[in-house]
1. Can you compute the FRET efficiency between ASP408 and PHE53 using 1/(1 + (r/R0)^6), with r the Cβ-Cβ distance and R0 = 35 Å? Round to the nearest 0.05.
2. Just to verify a number: FRET efficiency for SER215 and LYS483, C-beta to C-beta distance, R0 = 30 Å, to 0.05?
3. Can you tally the net charge around ARG145? Count Lys and Arg as +1, Asp and Glu as -1, for every other residue whose Cβ sits under 12 Å from the Cβ of ARG145.
4. Taking 0.36 nm per residue of sequence separation and subtracting the Cα-Cα distance, how much length would be gained by fully extending the chain between LYS312 and GLU61, in nm to one decimal?
5. Counting each pair of different Cα atoms once, what's the Kirkwood radius of segment 219-366 in Å, rounded to one decimal?
6. Keeping every protein chain in place, order SER127, SER496 by accessible area at 1.4 Å, biggest value first, i.e. largest first.
7. Take the Cα atoms of segment 417-494, build their convex hull, and give its volume per residue in Å³.
8. Please work out how much accessible surface LYS487 shows to a 1.4 Å probe, ignoring ligands, DNA and RNA, in Å² rounded to 10.
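The values are calculated or read from the model by the stated rules, or taken from the named source; none is laboratory data. Since we're looking at a predicted model, the values are computed, not measured. Quick reminder, even Gly has a Cβ in these numbers, built from the backbone with ideal geometry, and neighbours come from all protein chains shown. Just so you know, the surface numbers come from the protein's heavy atoms only, side chains and all, with ligands and any DNA or RNA stripped out. Shrake-Rupley method; radii C 1.70, N 1.55, O 1.52, S 1.80 Å.
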Amino acid sequence: MKKCWLRTASALIVGIVVLAGASSASAAKAPSPTITGPVTGGAGMPRILSSSFDLADVGYEGNEYFLAGTAKAYTSATPLASNGKWKVTPATGTNATADYKTRVVVYRPQAAKDFNGTVIVEWLNVSAGFDSAPDWGLAHRELIRAGSAWVGVSAQSVGVQGGSMTIAGAAPGGLKGGDPERYASLVHPGDSYSYDMFTQVGRAVKGTKKTDPLSGLKAKKVIAIGESQSAFRMVTYIDGIQPIEKVFDGFFVHSRSNGAANLSQAPLPVITPEAPTFIRNDLGVPVMTLQTESDLVLPRLEYLSARQKDTKNFRLWEVAGTSHADAYTGGIGFSDTGDGKAEAALLDVANADGGPLGCTQPINYGPHFSVVSAALHALTNWVADGTAPPRAPRLEVTAGPPAAITRDATGNAQGGIRTPLVDAPTAVLRGDGNAGASFCQLFGSTLALNDEQLAALYPSHKAYVAAFTKSANKAVRDGFMLKPEAKNFIAAAKASNVGG
């Protein structure tokens, strides 16, 4: 069966908006949570926005489990300094612990022999008022090819209990509001306990006879990931929780801001990290951060001030031509099984439009998903065998204020990770804003080059294909694009009429 909830068109719009900043435990191990499932009942499928194809068609299966236990909150006797070297301890006194019951969604290879031993644990994004899985959505092709298991965690209160925002006319009700019959028993005590809940899931997927949501698969490495507002929480987890709990073998921090999420909040004391917040340099496990153009310069993100140098255990990839959300996350990617249709759609810039939110300008049709796939491929190898990902050039930025991406004569970004979509361009692909209702600013823009511009760049179709292929092959050699995506993009370029 399909492992994706797609109840209404307006709900789809809500799910793909990955808004930054929306919604607002000790060295001793917590008791193992009680795990029940696979869950059935209610509407008959897990309520999550992830992908719309049938997992069985790609050799995978999906199940949902409930986890119940007691989670602790955390505190710090000293301010959470900008350098990330925090000294976090379990909270004490009233509300120091709380009972919870949440859910996880598990996608895994149907055949145990196809499992590569790596489990990707995604902190589900709740910006839309319920759970969505943006990193599964962007990188599912690579995770499936590699044979990784994926676990989506309902770590935050809004995802379970619901919130107050309404986006595109779809009221957020969380799991309990969206399918009361299926999720009536869930209880979330608040986001101060979310970090320990996430830790307990990480331990559970490593598997014991008592706790085995992977149904017999033996996890060798467990990697934590989060995108947008989930990335803010990932920064807090890395700097505060991982040093004392030591559960995860690596981290993927995707489209973060210059700050980090609160360590605790009301009714506990509110503890807010100093900004900019850096990833601590003494963690001991790999951390990969991937940033779009949007993330560096847009208000409320402004990652530029939190940029870090690469180190033994840290890599930063900044990707030219990308935006925080885009045409792939806005619809193209939901049904993408790697047959080349997605790449063809992204190169069809003449038909770029305002996307699901009806933005004023055509939204970004950039290479975001393909570089995310390469990043997770590289991180998985880094964690598994110590092979570090390549170091990437930084995007060129003028400091301002306001800070701005430096652009070439065509209008595309200079520097950063290069792909054929910006080095053999048929459009200007930007991540620094759009206009219109709702959260269009996050979806970037696409401005197709006119016939005169294309003729100046490519005197013939053969010349365009040659330039595109050269750039794609270089991206593969450099480690910033994988062969399947490069092959599909090249085929789409050959099938186009550019330079004709």
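1. Values: r = 37 Å, r/R0 = 1.06.
So, using R0 = 35 Å, E works out to roughly 0.40.
2. The value I calculate is 0.45.
3. My count for the surroundings of ARG145 gives -1.
4. 86.7 nm
5. Value: 17.0 Å, from the Cα pair sum.
6. Numbers: SER127 0, SER496 35 Å².
Of SER127, SER496, the descending order of accessible area is SER496, SER127.
7. Residue-normalised Cα hull volume stands at 109 Å³.
8. 150 Å²
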